[in-house]
């Protein structure tokens, strides 16, 4: 009886090991495929983020360009005010997207692309604040306006 | 072009040089400002809506780098560095507020009127900035 029980135990172990060995061999191939797919996805994510960052840099350049416009009329300021509101909306959307990427960033996935994405989002915020100051706040600071006037008189 | 700076700029600049993370500022300034014509420096954000005396904020060394505030008086071929701060790292700030933008603008006007400025030159090897107060020239 004991002999038969031993054989069953051995057989049970053998079957378990054989099945596991087979699964591991089969899954090993699948895992490699999965890693490749995963790496492809990371590359896609990096490309996607870099494309977004490029577009945001273009927006930032356009915002900087606004500061060099001369002879603006009331209608232009109205348009700039609308533009600032849209840009603020865009910034809120982008910040939410960045927060969603935090887990990946903490794991070191697409780290540089995510970092660049955050930097251009921060630049957007800074440019929005600057444009709002230039057209709506600084012209209302008497000291600032007076300094501009006096500088124009310097010989 | 003649390059000058205020006492406030010199102080902020020297403070940055003491921090290892920000020592690149000297090379950045030399590369960006020196041996240039005024029209090559008309980029960044213009804060004062003036074409003849633009007050400019410029990002140096990319997004996370430095923010430089300067004034150009084009007819005099002169540039005045007013303030610098890093965006990140020790002493970093996202931006300066409108009151401070107005303050350093007023300060540079007073310093121009009173000749209370430093003239900037670079060493022969173009590695270091030298500050000479106008009262010593």
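The values are calculated or read from the model by the stated rules, or taken from the named source; none is laboratory data. Everything numeric here is computed off the predicted structure, so don't read it as measured data. We place every Cβ from the backbone using ideal geometry, glycine too, and count neighbours over all the protein chains shown.
Key figures for this structure:
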item	result
Test: residue A:83 is farther than 12 Å from residue A:131 by Cβ and part of a helix (DSSP H, G or I)	no
Filter pass, residue A:70 being assigned to a loop (DSSP other than H, G, I, E, B) and either at pLDDT below 95 or more than 23 Å from the chain's Cα centre (by Cα) (or both)	yes
So residue A:57, is it within 12 Å of chain B (Cβ to nearest Cβ), farther than 30 Å from residue B:111 by Cβ and touching a residue at least 24 places away in the same chain (Cβ under 8 Å)	yes
All positions within the stretch A:109-139 that are more than 7 Å from every other protein chain (Cβ to nearest Cβ) and either over 17 Å from residue A:85 (Cβ atoms) or not in a helix (DSSP H, G or I) (or both)	A:109, A:110, A:111, A:112, A:113, A:114, A:115, A:116, A:117, A:118, A:121, A:139
Subset of the stretch B:23-75 [within 23 Å of residue B:130 (Cα to Cα) and at the interface with another protein chain (Cβ under 8 Å from one of its Cβ atoms)]	B:57, B:59, B:71, B:73
Criterion violated by residue B:81 - all others in (1) surrounded by fewer than 21 Cβ atoms within 10 Å (Cβ to Cβ); (2) touching a strand residue (DSSP E or B) at 6+ places or on another chain (Cβ under 8 Å); (3) under 27 Å from residue A:65 (Cβ atoms) satisfied	(1)
Near pairs, Cβ below 7 angstrom, 6+ apart or cross-chain, from the stretch A:140-151 (within 7 Å of chain B (Cβ to nearest Cβ)) to any residue that is surrounded by 15 or more Cβ atoms within 10 Å (Cβ to Cβ) and outside any helix (DSSP H, G or I)	A:148/B:48; A:148/B:50; A:151/B:53
Condition met for residue B:94 (under 30 Å from residue A:118 (Cα atoms), free of Cβ contacts under 8 Å to residues at least 12 places away in the same chain and out of contact with any strand residue (DSSP E or B) (no Cβ under 8 Å at 6 or more places or on another chain))	yes
Members of the stretch A:118-132 found to be in contact (Cβ under 8 Å) with a residue 24 or more places away in the chain and more than 11 Å from the chain's Cα centre (by Cα), listed by number	A:123, A:124, A:125, A:127, A:128, A:130, A:131, A:132
Failed item in (1) assigned to a loop (DSSP other than H, G, I, E, B); (2) surrounded by 13 or more Cβ atoms within 10 Å (Cβ to Cβ); (3) without any contact (Cβ under 8 Å) to a residue 40 or more places away in the chain, with residue B:116 passing the rest	(3)
Any hit, the stretch B:70-78, residues being more than 11 Å from the chain's Cα centre (by Cα), within 26 Å of residue B:127 (Cβ to Cβ) and surrounded by fewer than 18 Cβ atoms within 10 Å (Cβ to Cβ)	yes
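Condition check ((1) within 26 Å of residue B:46 (Cβ to Cβ); (2) more than 14 Å from chain A (Cβ to nearest Cβ); (3) modelled with pLDDT under 95) across all residues:
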site	(1), (2), (3)
B:94	yes, no, yes
B:101	yes, no, no
B:108	yes, no, no
B:127	no, yes, yes
